[in-house]
């Protein structure tokens with residue numbers, strides 16, 4: 001086992017733990033703002049996990065998937081933030 005494999009194992013474990021903690025905050029968040037922030041962090045962790053798995057499996061297809069998840073996560077975060085601040089997404 002080389003250093004890259006060990007680093008990938010540690011990274012995947014750490015990001016998986018972060019995803020689980022974000023899911024707990026998403027389900028138990030006391031305010032809607034906490035839940036939106038947990039969802040945004042969950043998207044970022046999902047992108048990190050997809051990139052780490054793309055490195056692990058040596059495939060470029062997962063990097064395109066990570067880009068799509070990042071774009072959808074950004075758009076949904078902006079939409080939810082506008083809804084919470086103004087009560088309407090589209091003016």
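The values are calculated or read from the model by the stated rules, or taken from the named source; none is laboratory data. Since the model is a prediction, treat every value here as computed from it, not as a measurement. We place every Cβ from the backbone using ideal geometry, glycine too, and count neighbours over all the protein chains shown.
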### Query
Any residue in the stretch 1-9 that is in a helix (DSSP H, G or I), surrounded by 16 or more Cβ atoms within 10 Å (Cβ to Cβ) and free of Cβ contacts under 8 Å to residues at least 60 places away in the same chain?
no
### the stretch 58-74: number of residues that are more than 14 Å from residue 42 (Cα to Cα) and part of a helix (DSSP H, G or I)
7
### Task
Please specify each residue of the stretch 10-31 satisfying the condition of being surrounded by fewer than 18 Cβ atoms within 10 Å (Cβ to Cβ) and either in contact with a helix residue (DSSP H, G or I) (Cβ under 8 Å, 6 or more places away or on another chain) or closer than 19 Å to residue 65 by Cβ (or both).
11, 12, 16, 18, 19, 23, 25, 26, 29
### Task
Kindly indicate which of 20, 52 is touching a residue at least 40 places away in the same chain (Cβ under 8 Å), assigned to a helix (DSSP H, G or I) and within 14 Å of the chain's Cα centre (by Cα).
52
### Message
Tell me yes or no: at least one residue of the stretch 58-65 is in contact (Cβ under 8 Å) with a residue 24 or more places away in the chain, within 18 Å of the chain's Cα centre (by Cα) and surrounded by fewer than 17 Cβ atoms within 10 Å (Cβ to Cβ).
### Response
no
#### Entry: Selected residue (only one of 40, 34, 88 is surrounded by fewer than 17 Cβ atoms within 10 Å (Cβ to Cβ), modelled with pLDDT under 95 and in a helix (DSSP H, G or I))
34
### Query
Is it true that residue 54 is modelled with pLDDT of 95 or more and either under 29 Å from residue 4 (Cβ atoms) or touching a strand residue (DSSP E or B) at 6+ places or on another chain (Cβ under 9 Å) (or both)?
yes
